[in-house]
Amino acid sequence: MIAQIAAVSIFVVMFGLIITEKIERYIITLIGAALTLIVVFGLCMQSLDAIWNTLNFAAIFRPDFWYAVGQEESSSGGINWATILFLAGMMVMVEGMARVGFFRWLCIRIAKLVHYKTIPLFLTFMIMSAILAMFIDSITVILFLAAVTIELSRLLRFNPVPMVLTEIFCANLGGSATMCGDPPNIIIGTSLGLSFTDFLTNTGAIAGLSLVAVIVYFYFLFRKDLRTEGDPPDPKDYPNPKEAITNKRGFIISTVIFLLAVVLLITHAQTGLTVSFIGVFIALLTLVTAPRHIPEILKRVDYRTLLFFVGLFVVVGGLEQTGILDIVAGFIKDISGGNLMLVITIVIWVSAIASAFVDNIPFAATMIPVITELAGTVGVHINVLAWALSMGTDIGGSATPIGASANVVGTSLAAKAGHPIGWKTYCLKIAPATVLVLIISTLFIFVRYL
Amino acid sequence: MTDQLIIAVSREFGSGGHFIAEQLAKTFQIPFYDRNLLWELANERNLDISALTKYDEVPKRRLLSRKVRGFNNSPEENIARLQFDYLKKKAAEGESFVVVGRCAETVLRDHPALISVFILADEQSKLERICRLNNLSPDEAAAMIARCNKQRKAYHNSYCPVKWGDSRGYDLCINDSRLGVDGTAAFIEQYIRKRFPQL
């Protein structure tokens, strides 16, 4: 009982401090992790096993952590090292790609292909945002896409706000389509032993269907706002995609590495190569092919986010080991009366509402043990609840300006350029699209799996 | 020594600081920036002014914004920083001007041409001025003064290490109830001429 109170207190204080942003969030989770290890496991439970299980170092030395042909790769709770290594690997790859101008080239290339016309730009940038976010973190996608959008808006004299908003939404939607698109999916996938193809054929199908619906919605919502003002610019002023490339050789190598990563991820269930292996392999390949730029690339990797994950997994491990998450699962089962449709609806919509206001990563990490327990008690395959959790956390984050990292970066870039986007504007335009996708997701899961 | 002069005027609501700043701008024949700083910025960059003005000198709402990898999406903070950068650019280009509020005393703190002033006033004189200018009852005026000063304080203190109105953050802190608006402006003019004899 004391251990449970301590674990919940640490979790609640950690969550509260993350929201206030007074202290860097990685410091908060690392302190929370230290307190969980010392107070919850050490003093209250006096269990070295709980500490060892939560730190989960042994997982890295198991062969199936790297190669798991014919069997499901899954984390045994505690620190999810597969997520951390995969994220680190992807960060190195993305830094390598950004260094040579890949993302800027791609954005300007697409703009050139549609002859710098506003409505085709609006539509293609939405699709590109969704596709890129399937393989690359949504922050990077928005960082480049929104920057080019704002640059083009100055040149073509249109209001960039509708485009930035739709790019943000589509990046979050695209991220929900694959295992590596959004951090909650990486955590869900590695924790439950799901493959890239599992996500693509389930959440990917929902995201694809939803993308068509939201493109139609956004087109009718914004088509009048995208009118250009004044005389058309001189075509000589249009940015040239070639000028975006800072190193031609590096550009070709980065593109090949990116395509290789995509192929390895799509085929990982068949090849048996785990996401941990793919992350480490792609990172090493990026570094080996750019030896002179290793310090520069490594310096730009976001270590704070990786440390945030490490701390978070330990704190959630505290809730798991003390049985708190079983109580939460039991509570959901009780209020749903064991009704499967209600359980799925609760998982999707509660995840979505929570993710609209708080970081969806700790929420997803906390909910995985809950849905695992729920699946057993209500008699449904865990994957069904995994898709519900994935869509809820990934899409719910789109509803408010603070719900997901892509929203923060996109609205920040717009505001820095003199186009502030307040809560009212953001929610009036984006929350209905969020609700639309959540309805599609709920109905899809009902029809396909029940 | 250059001829550049930057006067940063911070003020309590109702103190008449705005009028003093305007008078100083006229005396030294230099541009006066208040709300119009945003108008100029919007004009120069072809921005929608109505979207910007609602965030002018408004304190940021912490729980309604987030920071990710150094990107903060608070509209209030971004518009404030846009103005700070614009002021720094003007100062770096050698422009002389009078600026009211906008944390200018902190933003331009290291600029050699800066004179920073904080204008305060007695409660009664603030109350009379606000009643007269806005046609309000004393109670309404008192509430307005309290609300506006609270907002200015919160706005200033989110971006500046020295608190709003703390004498350590300004060259001069003056209660203009003693000399009146004209007298205080004349006094500040004397101080400036003493500091920068070349003007």
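The values are calculated or read from the model by the stated rules, or taken from the named source; none is laboratory data. Being a predicted model, the structure only gives us computed values, none of them experimental. Glycine also receives a Cβ, built like all others from the backbone with ideal geometry; neighbour counts cover every protein chain displayed. When the accessible area is computed, the model is the full protein with side chains, heavy atoms only, and any ligands, DNA or RNA have been set aside. Shrake-Rupley method; radii C 1.70, N 1.55, O 1.52, S 1.80 Å.
List of remarks:
- Partner aspartates and glutamates for A:Lys22 [C-alpha distance under 20 Å; skip if fewer than 8 residues away on the same chain]: A:Asp302, A:Asp359, B:Glu76, B:Glu77
- When accessible surface is computed with a 1.4 Å probe, chains A and B are found to bury approximately 2200 Å² between them, both chains counted.
- Summarising the strand pairing of the protein assembly as shown, around 15 percent of its internal DSSP beta bridges are antiparallel.
- All other residues whose Cβ lies under 12 angstrom from that of B:Thr27 are scored, Lys and Arg at +1 and Asp and Glu at -1, for a net of -1.
- Atom-type composition of the exposed protein surface of region B:6-195 places 50 percent of the accessible area on carbon and sulfur (1.4 angstrom probe).
- Rounded, prolate or oblate (a/c below 1.5 giving rounded, otherwise prolate when a/b exceeds b/c) for region A:189-346 by Cα gyration tensor: oblate
- The value of relative contact order for region A:343-450, using C-alpha pairs under 8 Å at least six residues apart, is 32 percent.
- Mean silhouette area of chain A, derived from the convex hull of its C-alpha atoms and averaged over all directions, reads 21.4 nm².
- Hydrodynamic radius of region A:134-200 by the Kirkwood approach over all distinct alpha-carbon pairs: 12.9 Å.
- Shape of region A:153-259 from the C-alpha gyration tensor: oblate (a/c of 1.5 or more and a/b not above b/c, with a ≥ b ≥ c the square roots of its eigenvalues).
- Entries of A:Lys242/B:Lys90; A:Lys429/B:Lys163; B:Lys26/B:Lys126; A:Lys117/B:Lys90; A:Lys299/B:Lys89; B:Lys89/B:Lys153 with Cα pairs more than 32 Å apart: A:Lys242/B:Lys90; A:Lys429/B:Lys163; A:Lys117/B:Lys90
- Bridgeable lysines around A:Lys248 (alpha carbons under 20 Å apart, same-chain partners fewer than 8 residues away excluded): A:Lys112.
- Residues in region B:55-71 occluded by at least 40 Å² - accessible area, probe radius 1.4 Å, against chain by itself: B:Arg62, B:Leu63, B:Leu64, B:Arg66, B:Val68, B:Arg69, B:Phe71
- Anisotropy class of region A:282-440 from Cα gyration tensor, a/c 1.5 cut: oblate
- Among the DSSP helices (H) of chain A, those spanning at least 24 angstrom by Cα along their long axis with an average Kyte-Doolittle hydropathy of -0.5 or more are A:2-20, A:81-99, A:138-156, A:196-222, A:248-266, A:303-321, A:340-357, A:360-378, A:423-449; this is a geometric and hydropathy rule only.
- Euclidean distance of C-alpha centroids, region B:139-199 and region A:91-129, integer Å: 49
- Dimensions of region A:14-139 based on its C-alpha atoms, expressed as ranges along the principal axes with the largest first, amount to 67, 45, 24 Å.
- Directionally averaged projected area (convex hull, Cα atoms, region B:6-195), nm²: 11.8
- Region A:229-288-region A:29-65 distance, computed between alpha-carbon centres (Å): 37
- Summary: within chain B, the longest segment free of trypsin sites (Lys or Arg not before Pro) located in DSSP loops with at most 15 other C-beta atoms within 10 Å is B:110-162.
- Within chain A, helix-based [θ] at 222 nm, where runs of 4 or more DSSP H residues each add -39,500 (n - 2.57), nearest 500: -24000 deg cm²/dmol
- Per residue, region B:6-195 exposes an accessible area of 48 Å² to a 1.4 Å probe, with every protein chain left in place.
- Filtered trypsin sites (Lys or Arg not before Pro), region A:204-246: DSSP coil and at most 15 other beta carbons within 10 Å: A:Arg223, A:Lys224, A:Arg227
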